[in-house]
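Some notes on the structure that comes next.
Every number in this text was worked out from the coordinates using simple rules, so none of it is lab data. Only a predicted model underlies this, so the values are computations on that prediction, with no experimental measurement involved. Cβ placement follows ideal geometry from the backbone for every residue including glycine, while neighbour counts extend to all protein chains displayed.
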Amino acid sequence: MAFIDHVLQTPSYGWQNEKGELIVPTTKQLWAEAFSRINIFKTKKNWISLISWLMAACMLPFFVVFITQYFSWQMAIAFIVYSMIIMGTHGTIWFHRYCTHNAYTFSHPIFRFITQNLVLRTFPEEIYVVSHHVHHVKSDEPGDPYNPQGGLMYCMLSDVNHQSINKNLSEADYNKAAHFLKNSGVQRNTYKQYQKWGSIATPLYTVGLWLLNWAFWYAAFYFIGGHALACTLFSAAMFWFIGVRAFNYTGHGKGETKHVDGIDFDRSNLSINQSRPGLFAGEWHNNHHLYPGSARAGFLPGQIDLAWIYIWILAKLGAVSSYRDSKKEFLKKYASQHLAATAPVSYEVEPSSR
């Protein structure tokens, strides 16, 4: 069995049946799997899955206070901007293009640390990065941790059900999995520590950075706008944290083929370019699947890419030392198809006969 086929922990219902077809679990099975995966009394190796949900649970009181005491139109605007634009763009910059695909490099670790902590911390890098490598190899196939053909809840619960690493990797395979996080700066377990904790990231690093990050940002928000702003933006982070789980369902056509000629050029999977994730977070997803190693994904006119703008500015300031930009290659290969698909239809008028 290839490494990529078993690097993730197989759910109790399995990835595929004997015919090689995707197993679509019931909602009851999905929830049962989720509660089993966060049960640290069953095994402490479940700690990193529990952290993912614990973060969301810890944000919930801020949301209650925001709604009951501080809600206003000004705060509602701040909520929307922080959750849909700032958190979303950071997710693309940090988790997607840097940690997973190494699309650019920092000139010094301090700039990496600043970028990592530009916003409130949510899920650990490990949960995102390893599973996303699997996603690119197995897009929309059995084994894809957030296969849209499994349904919305299959994707919504994927962070605990499908994205944790296998707890029984050999030392050689563990080292391969740990290598995925090499450039992220995450403190990684030795193989012996992995056998104890079942994760790549160390618990002390993960929990310590989470608490320090939250303490810093609550203080910063408080000095800017008091408890009202702090509770609002913590609530916004929770909204993004929960909602982003649905992206790979909608971003892959909800499991259906919804490609648009002249817009979606990668037909090897179900990914599509969507305006809202694209404009708000630089997540032009079909473009990204074509060129996953590119620091820019907004290739066509009108495809604004805020994540790329951040990376480009850091490069101009010297904080980013190198990056890969596939726009020229994309345009050379696909621009003619885009123009043909979007060109206005011309009608020839035949001369009238007398």
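Oblate is the label for region 147-233, because a/c, from the alpha-carbon gyration tensor with a ≥ b ≥ c as root eigenvalues, is 1.5 or above and a/b does not exceed b/c.
Counting only the Cα atoms, region 61-142 fills a convex hull of 141 Å³ per residue. Summing +1 for each Lys or Arg and -1 for each Asp or Glu among the other residues whose beta-carbon sits under 11 angstrom from that of Gln274 gives 0.
Among Val119, Val130, Val81, a tally of other beta-carbon atoms within 10 Å of each Cβ gives an order, fewest to most, of Val81, Val119, Val130. In the chain, the DSSP-assigned H stretches of four residues or longer account for a calculated mean residue ellipticity at 222 nm of -15000 deg cm²/dmol, using -39500 (n - 2.57) per stretch and the full residue count as denominator.
Each of Thr202, Ile93, Leu229 was placed along the dipole of the chain (beta-carbon charges, centred on the mean Cα), and the one lying farthest toward the positive end is Thr202. Look at (1) 32, 61, 7; (2) 31, 55, 14, 0; (3) 28, 57, 12, 2, 0: the one that is P(r) over Cα pairs in 20 Å bins from 0, in percent derived from this structure is (3). With neighbour counts taken as other beta-carbon atoms within 10 Å, the residues Glu126, Glu329 rank, fewest first, as Glu329, Glu126. Start at zero, step by 10 Å, and the Cα-Cα distances of region 1-66 spread as 17, 35, 32, 12, 4, 0 percent across the bins. Using Cβ point charges alone (K and R +1, D and E -1), the dipole size of the chain about the Cα centre works out to roughly 840 debye.
Charged side chains reduced to their Cβ positions (Lys and Arg at +1, Asp and Glu at -1) give region 112-215 a dipole of some 440 debye around its Cα centre.
Here the relative contact order of the chain, from alpha carbon pairs under 8 Å that lie six or more residues apart, stands at 23 percent.
Taking 0.36 nm per residue of separation and subtracting the current Cα-Cα distance, fully stretching the chain between Lys196 and Gln69 would add 41.3 nm. Remark: the Ser12-Val137 segment gains 42.8 nm on full extension, using 0.36 nm per residue and subtracting the alpha carbon distance. Shape class for region 10-131, computed from the alpha carbon gyration tensor (a ≥ b ≥ c): oblate, with a/c not under 1.5 and a/b at or below b/c. Note on Phe41/Gln187: beta-carbon distance plugged into 1/(1 + (r/R0)^6) with R0 of 25 Å gives a FRET efficiency of 0.45. What does the C-alpha gyration tensor say about the overall shape of region 218-318? Classify as rounded when a/c is under 1.5, otherwise prolate if a/b is larger than b/c, or oblate. It is oblate, given that a/c is not under 1.5 and a/b is not larger than b/c.
Of all lysines in the structure, those lying under 23 Å Cα to Cα from Lys182, and not within fewer than 8 positions of it along the same chain, are Lys45, Lys138, Lys167, Lys192, Lys196.
Projecting the Cα positions of Ile4, Ala32, Pro124 onto the charge dipole of the chain (unit charges on Cβ atoms of Lys, Arg, Asp and Glu, taken about the Cα centre) puts Pro124 furthest along the positive direction.
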